[in-house]
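Please read the structure below before turning to the comments.
The values are calculated or read from the model by the stated rules, or taken from the named source; none is laboratory data. Just so it is clear, the structure is predicted and the values come from calculations on it, not from any experiment. Counting neighbours? That spans all protein chains shown, and the Cβs are built from the backbone with ideal geometry, glycine included.
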Amino acid sequence: MAHGDTLSPKQIHFAALVGTENKTQTDAYLASYNCKKMTRRMASTEASALMKIPKVKERVEKLRHDVSVSKHAIISHDRDWIVSQVTDIVGDPDARDADKLRALEILSRISGLYDDSKTQVVIEHRSSDELKAELKEKLSKYLGVAS
């Protein structure tokens, strides 16, 4: 194993598998090195030792960071594209009202204004006499009739 300033091709391959493809260190080691006569436990020990080499560890961390940044950029771009498309529907005078309402619902979900987890339904069991009395009271208030 090279411990100098540069990584060997096998170390680069190992770092790429661990850093970008989420392979375990052991699986990455087995794929990068000739391990035909090596048990999985031995490969795991070698992979652990390889990850202790500063240049290898730095390469893996940099690749993981780059993947994370790329994923964030893609998600942000996709979100912006969706918002743009949905906003176009809302502003389209030829769009159906149902499509506009659905687009507004999507925009409200994206912006955090609409949250299904906060919806709570309370079921209250009442007798028919209680319901009848409540309806009479509400109708009296609505119609302005004294009961």
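Tabulated values for the structure
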| quantity | calculated |
| --- | --- |
| Residue satisfying condition, being of a type in the set (Gly, Ala, Ser) and at pLDDT 90 or above, within set Ala133, Ala146, Ala73 | Ala133 |
| Filter pass, Arg59 being in contact with a Gly (Cβ under 6 Å, 6 or more places away or on another chain) and surrounded by 14 or more Cβ atoms within 10 Å (Cβ to Cβ) | no |
| Residue that is closer than 29 Å to Thr6 by Cβ, surrounded by 11 or more Cβ atoms within 10 Å (Cβ to Cβ) and of a type in the set (D, E, K, R), where the choices are Lys37, Lys23 | Lys23 |
